[in-house]
Amino acid sequence: MPKRVAVIDLGSNSARMAIFERTSRLGFYILREYKIKVRLGEGAYENGGVLQDVAMDKVFYAFKEFSYFIKLYKVNKVLCAGTSALRDAPNSNIFINRIKKELGLGLKVIDGNKEAYYGGIAALNLLSPLDEATTIDIGGGSTELAKIKNGKIENTISLNIGTVRIKELFFDKKNTAGASKFIDEALQNLPKEFASNNIVAIGGSLRAISNAIMQIQKHPLKLVHNFSYPYAEHSAFIEKLANSNIFDMKDFPIKKDRYDTIREGAIIFSKLSKKLGAKTIYTSGAGVREGIFLTNILRPGIKFPKNFNPSLRSLQDRFSKRGNENTYRYAKRLFDILKPIHKVDDRYLPDLLCATKLYNIGRSIGFYSEHAHSSYLVQNGLNYGYTHEQKALIALIIEYQNKQVTDLGEFANLLPDVSDVWWLSFLLGLAKSLSVSDEVGLEFINHTLHIKGIKNFLMVKDNIKKLFKPAIFAITFD
């Protein structure tokens, strides 16, 4: 697979392109992402699915603009997929041939089950692990669901209910009752096996709803991917949004470019969530584009290797200036032998160990404020596979490693007790100081931590003495 890959996803409402940069075989990040609201399906749903000339012209110029950025960023490979509007259109070949002939882009139409499968692949690999869940991807023309269980995609389905379709057939005619009936009928034959307490929300409308809830909660992290919320606590808000008037949109924390189809997305989501028995909603910023990209790099499998994380690897590939094996080893050892006094739950050990791999990535920006730079990169770059709580904890373990921790600030609601954060930061700071030597011995006896092997490392000993200990105990250098 080439180093730089662009994936274009053409839906009924928008055309999107993501440029993925691979930093190693499986490590990657999104270099650039573009979205143009093209409304390919506009006017089609009342005309037998036939694509209208004005809509096709608009999409053509969007693809032409994408081509400019493909050349600008020297993209090595381009993958293009068309979804609902192209599936429904009897004249789709005319448009596809035009794109191929004039722009040299091979646009392929994917069926609804394949579209659902790609969303499932993205959720399976790029969200924090879920043993069982159902993905809901609401697009302009259709809605796709994938059932995930035991690390596999067990079933997929595509329903002909989408935001633009519902808007043109019902909302534009002020027939919300008709929209409700149309959706209910579409859900009647939804197989029971798709029912789940865990719902993964995919697509622009559902991300907009999650973003609105984040704003209402004053959530400290700004990235919507992996944000979760209890459905019961916010179902009334979603229903209120669905039943609102277009002129009331300004009263909701919704971006302007979502005003015209957010109500339609909300009503579909509300009905589906109730039908499936949703309890917790997990928001995925990744969807069809990421699924297409992952399917290409993960062949012949559909999952990353066990204990592999693409965001962690990508940050290490791009920003780590040296290996942190010693820091990792000493942090794990210190966590174990000091457990009688720190009493931090074992579930936070993986977050500490992740911090040992990333604590010095800010050095790539500059020596001064290195910890703050590293923390920022974690908050904004450790996107895949980690919950918001984990990201916040890892970032603060790194930022506070040489400090006395008394206040967790805006992250307090996402983090464990302040004393636990202090201990984890202290353990990282101590392990980092010890990492200059490959042969450090550690023992904890009679409330004293005995450190062997660095007696002649004057600067290291001085750095350790400067650390703020979270509890009273002695440190000796034997």
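Summary table below
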{"quantity": "Where a residue in segment 321-346 is assigned by the TED database to the domain that holds residue 367 and surrounded by 18 or more Cβ atoms within 10 Å (Cβ to Cβ) and its partner, wherever it lies, is basic (Lys, Arg) and assigned to a helix (DSSP H, G or I), with Cβ under 8 Å and at least six apart", "calculated": "324/357; 327/432; 328/357"}
{"quantity": "Tally, over segment 219-246, of residues that are of a type in the set (A, V, I, L, M, F, W, C), assigned to a helix (DSSP H, G or I) and open to solvent by less than 30 Å² (accessible area, probe 1.4 Å)", "calculated": "3"}
{"quantity": "Boolean, residue 59 is open to solvent by 70 Å² or more (accessible area, probe 1.4 Å), assigned to a helix (DSSP H, G or I) and either under 14 Å from residue 92 (Cα atoms) or of a type in the set (A, V, I, L, M) (or both)", "calculated": "no"}
{"quantity": "Search result, residues across segment 351-383 that are in a helix (DSSP H, G or I), open to solvent by 70 Å² or more (accessible area, probe 1.4 Å) and free of Cβ contacts under 8 Å to residues at least 40 places away in the same chain", "calculated": "376"}
{"quantity": "All positions within segment 62-93 that are surrounded by fewer than 13 Cβ atoms within 10 Å (Cβ to Cβ), part of a helix (DSSP H, G or I) and modelled with pLDDT under 95", "calculated": "93"}
{"quantity": "Check on residue 207, assigned by the TED database to the domain that holds residue 262, in contact with a Phe, Trp or Tyr (Cβ under 6 Å, 6 or more places away or on another chain), in contact (Cβ under 8 Å) with a residue 12 or more places away in the chain and charged (D, E, K, R)", "calculated": "no"}
{"quantity": "Which listed residue is more than 17 Å from the chain's Cα centre (by Cα), in the same structural domain as residue 370 (by the TED database), of a type in the set (Lys, Arg) and part of a helix (DSSP H, G or I), from 263, 318", "calculated": "318"}
{"quantity": "Test result for residue 92, within 33 Å of the chain's Cα centre (by Cα), under 16 Å from residue 16 (Cβ atoms) and hydroxyl-bearing (Ser, Thr, Tyr)", "calculated": "no"}
{"quantity": "Residue ID - surrounded by the most Cβ atoms within 10 Å (Cβ to Cβ), chosen from residues in segment 101-149 that are in a helix (DSSP H, G or I) and basic (Lys, Arg)", "calculated": "114"}
{"quantity": "Residue identified as modelled with pLDDT under 95, assigned by the TED database to the domain that holds residue 160, more than 19 Å from the chain's Cα centre (by Cα) and open to solvent by 20 Å² or more (accessible area, probe 1.4 Å) among 279, 271, 256", "calculated": "256"}
{"quantity": "Residues of segment 204-218 satisfying the condition of being of a type in the set (S, T, N, Q) and open to solvent by 40 Å² or more (accessible area, probe 1.4 Å)", "calculated": "211, 215, 217"}
{"quantity": "Near pairs, Cβ below 9 angstrom, 6+ apart or cross-chain, from segment 449-467 (more than 9 Å from residue 433 (Cβ to Cβ) and of a type in the set (Gly, Ala, Ser)) to any residue that is open to solvent by 40 Å² or more (accessible area, probe 1.4 Å) and in a loop (DSSP other than H, G, I, E, B)", "calculated": "453/438; 453/439; 453/478"}
{"quantity": "Segment 384-423: number of residues that are of a type outside the set (Ser, Thr, Tyr), under 30 Å from residue 305 (Cα atoms) and open to solvent by 10 Å² or more (accessible area, probe 1.4 Å)", "calculated": "7"}
{"quantity": "Hits in segment 36-46 (condition: without any contact (Cβ under 8 Å) to a residue 40 or more places away in the chain and either open to solvent by 80 Å² or more (accessible area, probe 1.4 Å) or part of a strand (DSSP E or B) (or both))", "calculated": "36"}
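Here is a yes/no grid of residues against (1) within 11 Å of residue 330 (Cα to Cα); (2) open to solvent by less than 40 Å² (accessible area, probe 1.4 Å); (3) in contact with a Gly (Cβ under 6 Å, 6 or more places away or on another chain):
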{"residue": "426", "(1), (2), (3)": "no, yes, no"}
{"residue": "434", "(1), (2), (3)": "yes, yes, no"}
{"residue": "439", "(1), (2), (3)": "yes, no, yes"}
{"residue": "456", "(1), (2), (3)": "no, no, no"}
{"residue": "467", "(1), (2), (3)": "no, yes, yes"}
{"residue": "471", "(1), (2), (3)": "no, yes, no"}
{"residue": "478", "(1), (2), (3)": "no, no, no"}
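The values are calculated or read from the model by the stated rules, or taken from the named source; none is laboratory data. Fair warning: this is a prediction, and the values are worked out from it, not measured in the lab. All Cβ positions, glycine included, derive from the backbone under ideal geometry; neighbour counts span all protein chains shown. What goes into the accessible areas is simple: the full protein's heavy atoms, side chains included, and nothing from ligands, DNA or RNA. Shrake-Rupley method; radii C 1.70, N 1.55, O 1.52, S 1.80 Å.
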